[in-house]
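The values are calculated or read from the model by the stated rules, or taken from the named source; none is laboratory data. All values reported here derive from a predicted model rather than from experimental measurement. Neighbour counts run over all protein chains shown; Cβ positions are idealised from the backbone, glycine included. These accessible areas exclude ligands, DNA and RNA; they are computed on the full protein's heavy atoms, side chains included. Shrake-Rupley method; radii C 1.70, N 1.55, O 1.52, S 1.80 Å.
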Amino acid sequence: MMVLDYACAFQDAGIAGHLVHRIAQAANNPIRIMEVCGTHTMALFRHGIRSLLPRTITMLSGPGCPVCVTEQTDIDRCIALARQKDVVVATFGDLMRVPGSTASLQMAKAAGADVRVVYSAMDAVNLARRQTGRIVAFLGIGFETTAPTVGGAILAAEQLDLPNFCVLSAHKTVPPALETLMAYPGTTIDGFLLPGHVSIISGVRAYRRWFGRCQIPSVVAGFEPIDLLQGILALVRQIQADAPALENAYGRAVTENGNTAAQEVLARVFEPVDARWRGMGTIANSGLAIRSAYARFDAARRFDLAVTPLPPTKGCICGDILTGVKTPRHCPLFGSTCTPATPVGPCMVSSEGTCAAYYSYHEQEGIRP
Amino acid sequence: MKNDSILLDHGSGGKMAHQLMHDLLLPLFRDPVLARLHDGALLETPQGRIAFSTDSFVVDPPFFPGGNIGDLAVNGTVNDLAMCGARPAFMSLGLILEEGLAIETLQCILISMAQALERSGTRLVTGDTKVVPRGTADKIFINTSGIGFVPPAAHISGDQARPGDCVILSGNMGDHGIAVLTQRQGLDFESDVISDTAPLHAMVQAILAAAPPVHVLRDPTRGGVATALNEIALQSGVGIEIDEHSLPVAPAVAGICEMLGLDPLHVANEGKLLCLVPEDHASNALAAIQRDPFGRAACIIGRVTGDHPGRVILSTRIGGRRIVDMLSGEQLPRIC
Ligand code: SF4
């Protein structure tokens, strides 16, 4: 019953109503808040929080959905990997439908590639132990949250001396992207709701340098309704008082230093590299590549995955949506050509994607209590 | 990116499946009964109305906590018939077996089928077996078709929901989907969730006796409660409002869903039904369901309204509101 009790405490209608009231009182002027994390985006919709916020507050969804910020060429490389002989590709389910230039992993699978959905990188290691004779390649797409578990899987494979396990790493880290976002032409953001899961690993200290330079209201928040409302209230207060601070409203899970054991695994297996983000171009030191000491577990080194970059899909404005310049409502394809069943861009595929969230919760209809 | 082949999504019971049906199947097979798209076809015969239904089962793995592909295949067709208000009477069995399947495994599955048939009072009257070379099918696939008789007074169908109806759900959501999922290779879950696979014909007859004006019965299988409610809202041209607070989910199922990012509203059930009944008969229907061994946890989860036709809206625990959509895309392939 632990699960239920815990959820109840942070989903209390009375407390929520009280917080909503205080937010409404505090938000006198139009305020634009970006929730950086895709899980926040979904939670805001799922709990109906958007329907409760005053109209003065605009919530923008940021680049915090790993699948969404992955470049089309990187998706093409995943598909190229799946088409290699004697390769089993193991991936999180989210990636299956993401359109590359000419196909998706799901289509590659329908055409004969061996693509399996797993729920963790360790599942892929176990798969490799069963599939001796074939190479199991895990698609490492995610942020600081998943990268340590993938690093852990590589260390486990090393320990097991598994010759047939490797990872294609397209991992990214959040803080470098925040800085780029601030400078992105056309973005107006009054405050950031910083991701809870990422911060559990990285700690609040990971944002200190960025915050020192940008001085923008920022609050780390959790995922339960009360967490989110508390985070939003703290942001609104900072914004209205014009007193930017880096606040931690998720103290029960996030510390100043974060999970140092996970950080050590990450640092041991990966090294920072420049990475390309969909919609934002190349961001210095925002990617994680596998260190040369673990080269034998690096799919990028083991296989020739050169793909010809093709122009991005016409009409899709995922890039502008990820940076908060536009919302899915601005996209002419939204809901007509582009639906979760027939996605044109990754934001419509991922369960954390902004377009998918707008579509499944019919944001355009503006449901209110 | 153009797609010209069948994807797993097409079998999801969600949006792509609907698309496939409307774009490819219905234009070719034009029949007014088929076009109604019920779980079973209602046919007028000189002897009265009969319900006729077919279903194929490809669940992976074939054995899961709480059942196996055999009782699942019988219960699935029994329930499709029951949702038309019918008493199941006859069934056919089509077996597709992969070369190399252990006879003992097959025997286990058939014994479960025989027991399930007996429980539902259904006779297996015809069948067929095919064996395909190793690798061209996965262990065992089963098709069952069934015929049942519909009592003259029953007028139950997905387009009969009316504003004011209460929506009753007969128990916890998502047990089957999660029970099967936890057995998948590579998913090392410790959990005691068991499938809810069960025949619902007796529950349905009890509902019909206790609350004769019942409007809609639907078993929320693939696509879950959310998809079933959306179908009803669309077919009846009404809105449905449900209350997050009253949605029954076992804590273990809720926990696993949370972890995997699934919404229990979208996870499959194999022994639950949704009953939409006029408000003044709701307590009778609810009591009848709760008296059934498979309906003890039944509760009222919402109401039908004249507002927002075709839409299902959820009031969240904290007093917010959001739309509940059909499942789009395949959440868990080969769940039944
Ligand atoms: S609606 Fe589709 S096409 Fe438009 S931005 Fe979103 S994903 Fe891209």
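With respect to (1) surrounded by 19 or more Cβ atoms within 10 Å (Cβ to Cβ); (2) within 14 Å of chain A (Cβ to nearest Cβ); (3) farther than 18 Å from B:Gly164 by Cβ, the lone exception for B:His245 is condition (1). With (1) closer than 30 Å to A:Cys318 by Cα; (2) open to solvent by 10 Å² or more (accessible area, probe 1.4 Å) as the list, and A:Ala156 as the residue in question, which single condition is left unmet? Of everything listed in (1) closer than 30 Å to A:Cys318 by Cα; (2) open to solvent by 10 Å² or more (accessible area, probe 1.4 Å), A:Ala156 misses just condition (1).
Each residue in the stretch A:20-40 was checked for being within 27 Å of A:Ile200 (Cα to Cα) and open to solvent by 10 Å² or more (accessible area, probe 1.4 Å), and 4 of them qualify. Is one or more of the residues making up the stretch A:192-215 within 30 Å of A:Asn29 (Cα to Cα), free of Cβ contacts under 8 Å to residues at least 24 places away in the same chain and either open to solvent by 40 Å² or more (accessible area, probe 1.4 Å) or touching a helix residue (DSSP H, G or I) at 6+ places or on another chain (Cβ under 8 Å) (or both)? There is at least one residue in the stretch A:192-215 that is within 30 Å of A:Asn29 (Cα to Cα), free of Cβ contacts under 8 Å to residues at least 24 places away in the same chain and either open to solvent by 40 Å² or more (accessible area, probe 1.4 Å) or touching a helix residue (DSSP H, G or I) at 6+ places or on another chain (Cβ under 8 Å) (or both). Within the stretch B:185-201, can one find any residue that is farther than 20 Å from B:Gly40 by Cα, more than 14 Å from chain A (Cβ to nearest Cβ) and surrounded by 24 or more Cβ atoms within 10 Å (Cβ to Cβ)? Yes, the stretch B:185-201 contains a residue that is farther than 20 Å from B:Gly40 by Cα, more than 14 Å from chain A (Cβ to nearest Cβ) and surrounded by 24 or more Cβ atoms within 10 Å (Cβ to Cβ).
Among the residues in the stretch B:62-69, are any touching a strand residue (DSSP E or B) at 6+ places or on another chain (Cβ under 8 Å), surrounded by 13 or more Cβ atoms within 10 Å (Cβ to Cβ), more than 19 Å from A:Thr342 (Cα to Cα) and of a type outside the set (Gly, Ala, Ser)? First the steps, then the outcome.
Step one: list which residues in the stretch B:62-69 are touching a strand residue (DSSP E or B) at 6+ places or on another chain (Cβ under 8 Å), which gives B:62, B:69.
With the extra rule that they be surrounded by 13 or more Cβ atoms within 10 Å (Cβ to Cβ), the set shrinks to B:62, B:69.
After this cut, where a residue has to be more than 19 Å from A:Thr342 (Cα to Cα) as well, the list is B:62, B:69.
Within this subset, residues satisfying the condition of being of a type outside the set (Gly, Ala, Ser) are B:62, B:69.
The answer is yes; a qualifying residue exists.
Within the stretch B:127-144, which residues are of a type in the set (Ser, Thr, Tyr) and touching a residue at least 60 places away in the same chain (Cβ under 8 Å)? Within the stretch B:127-144, just B:Thr144 meets the criteria. Whether any residue in the stretch B:8-21 is in contact with a helix residue (DSSP H, G or I) (Cβ under 6 Å, 6 or more places away or on another chain), crowded, with 19+ Cβ neighbours inside 10 Å and modelled with pLDDT of 90 or more is what I want to check. There is no residue in the stretch B:8-21 that is in contact with a helix residue (DSSP H, G or I) (Cβ under 6 Å, 6 or more places away or on another chain), crowded, with 19+ Cβ neighbours inside 10 Å and modelled with pLDDT of 90 or more.
Just to be sure before I move on: is A:Ala275 more than 16 Å from the ligand (Cβ to nearest atom), without any contact (Cβ under 8 Å) to a residue 24 or more places away in the chain and under 26 Å from A:Ala157 (Cα atoms) in the structure I sent? Write out each step before concluding.
Working: more than 16 Å from the ligand (Cβ to nearest atom): yes; without any contact (Cβ under 8 Å) to a residue 24 or more places away in the chain: no; under 26 Å from A:Ala157 (Cα atoms): yes.
Answer is no for this residue.
Cβ separations smaller than 6 Å between residues 6+ apart or across chains give the following pairs from the stretch B:294-313 residues that are within 14 Å of chain A (Cβ to nearest Cβ) to residues that are part of a loop (DSSP other than H, G, I, E, B) and open to solvent by 60 Å² or more (accessible area, probe 1.4 Å): B:Thr305/B:Pro163.
When the stretch B:5-31 is limited to residues that are more than 9 Å from chain A (Cβ to nearest Cβ) and outside any helix (DSSP H, G or I), the one that is farthest from A:Ser104 (Cα to Cα) turns out to be B:Asp31.
Here A:Leu288 passes the criteria (1) more than 12 Å from chain B (Cβ to nearest Cβ); (2) more than 9 Å from the ligand (Cβ to nearest atom); (3) out of contact with any Pro (no Cβ under 7 Å at 6 or more places or on another chain); (4) not hydroxyl-bearing (Ser, Thr, Tyr) except the one numbered (3).
Give the residue that is most open to solvent (accessible area, probe 1.4 Å), with candidates limited to residues of the stretch B:88-109 that are part of a helix (DSSP H, G or I) and touching a strand residue (DSSP E or B) at 6+ places or on another chain (Cβ under 9 Å). In this case the residue turns out to be B:Cys108.
Take the stretch A:340-359 and flag every residue that is farther than 17 Å from A:Met42 by Cα and more than 7 Å from the ligand (Cβ to nearest atom).
Step one: of the stretch A:340-359, the residues farther than 17 Å from A:Met42 by Cα are A:341-345.
Once the filter is applied, which keeps residues that are farther than 17 Å from A:Met42 by Cα and more than 7 Å from the ligand (Cβ to nearest atom), the stretch A:340-359 yields A:Ala341, A:Thr342.
The single condition among (1) touching a helix residue (DSSP H, G or I) at 6+ places or on another chain (Cβ under 9 Å); (2) open to solvent by less than 70 Å² (accessible area, probe 1.4 Å) that A:Val273 does not satisfy is (1). In this entry, A:Ala295 is excluded by the filter for residues that are open to solvent by 40 Å² or more (accessible area, probe 1.4 Å), of a type in the set (Gly, Ala, Ser) and away from the ligand (no atom under 16 Å from the Cβ). Scanning the stretch A:317-334 for residues that are open to solvent by 40 Å² or more (accessible area, probe 1.4 Å), within 9 Å of the ligand (Cβ to nearest atom) and either in contact with a Gly (Cβ under 7 Å, 6 or more places away or on another chain) or within 14 Å of another protein chain (Cβ to nearest Cβ) (or both) yields A:Asp320, A:Pro332. The single residue among A:Ala170, A:Ala108 that is closer than 20 Å to A:Ala300 by Cα, of a type outside the set (Ser, Thr, Tyr), within 13 Å of chain B (Cβ to nearest Cβ) and surrounded by 18 or more Cβ atoms within 10 Å (Cβ to Cβ) turns out to be A:Ala108. Taking the numbered list (1) touching an Asp or Glu at 6+ places or on another chain (Cβ under 9 Å); (2) at the interface with chain B (Cβ under 10 Å from one of its Cβ atoms); (3) assigned to a loop (DSSP other than H, G, I, E, B) in turn, A:Gly133 passes all entries but (2).
Scanning the stretch B:278-288 for any residue that is buried (at least 16 other Cβ atoms within 10 Å of the Cβ), under 20 Å from the mean Cα position of the chain (by Cα) and modelled with pLDDT under 95 turns up nothing. Looking at this structure, is A:Ala306 modelled with pLDDT of 90 or more and more than 16 Å from the ligand (Cβ to nearest atom)? In short, no.
Take B:Ile147 and tell me if it is of a type in the set (A, V, I, L, M, F, W, C) and touching a Leu at 6+ places or on another chain (Cβ under 6 Å).
Numbers: of a type in the set (A, V, I, L, M, F, W, C): yes; touching a Leu at 6+ places or on another chain (Cβ under 6 Å): no.
It is false that B:Ile147 is of a type in the set (A, V, I, L, M, F, W, C) and touching a Leu at 6+ places or on another chain (Cβ under 6 Å).
I'd like the full set of residues that are small (Gly, Ala, Ser) and without any contact (Cβ under 8 Å) to a residue 40 or more places away in the chain, limited to the stretch A:310-359.
Correct list: A:Gly315, A:Gly335, A:Ser336, A:Ala341, A:Ala356.
Taken over the stretch B:53-87, the criterion of being of a type in the set (Ser, Thr, Tyr) and in a helix (DSSP H, G or I) is satisfied by B:Thr77 alone. Residue count for the stretch B:234-263 satisfying the condition of being in contact (Cβ under 8 Å) with a residue 24 or more places away in the chain and over 20 Å from the mean Cα position of the chain (by Cα): 11.
Is it true that A:Arg301 is at pLDDT 90 or above, more than 13 Å from chain B (Cβ to nearest Cβ) and either in contact with an Asp or Glu (Cβ under 6 Å, 6 or more places away or on another chain) or more than 8 Å from the ligand (Cβ to nearest atom) (or both)?
Details: at pLDDT 90 or above: yes; more than 13 Å from chain B (Cβ to nearest Cβ): yes; either in contact with an Asp or Glu (Cβ under 6 Å, 6 or more places away or on another chain) or more than 8 Å from the ligand (Cβ to nearest atom) (or both): yes.
Yes: the conditions hold for A:Arg301.
Taking the stretch A:226-237 as the range and being open to solvent by less than 10 Å² (accessible area, probe 1.4 Å) and not hydrophobic (A, V, I, L, M, F, W, C) as the test, the residues that pass are A:Asp227, A:Gly231.
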